[in-house]
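Just below is one structure, and these are the notes that go with it.
No value in this document is a laboratory result; all are computed from the given coordinates. These figures come from a predicted structure and were not determined experimentally. Backbone-built Cβ (ideal geometry, glycine too); neighbour counts: all protein chains shown.
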Amino acid sequence: MLADVYFKPGLLSDYEDVSQEILFENIRKQIIKEIREAKYLIWIAMAWFTDPVLYEELLKKKEEGLTIEIVLDDNTKP
């Protein structure tokens, strides 16, 4: 069952380049680049989210109609 899954009509190209990198320098710059290049949805999983610049970039994509999913770790529990 696909509860809470929303389908957005449209065409996808036959091939899309997907890559993965591990970065330790200029990470914010790279994250902003990836957010700006997103076409359909953005999934984020992290311990906490406190960066207002990244938040504003995500809001722009939400206004464009992208689905944004953020999973945060509840690290306040012992």
Give me the distance in nm between label points sitting 7 Å out from Cα along the Cα-to-Cβ direction at I22 and E37, one decimal.
-> 2.0
Please give, to one decimal in nm, the separation of the simple spin-label points placed at E69 and T50, each 7 Å out from Cα toward the Cβ.
-> 2.7
Looking at the range 45-74, which GluC sites (Glu not before Pro) are DSSP coil and have at most 16 other C-beta atoms within 10 Å of their C-beta?
-> E64
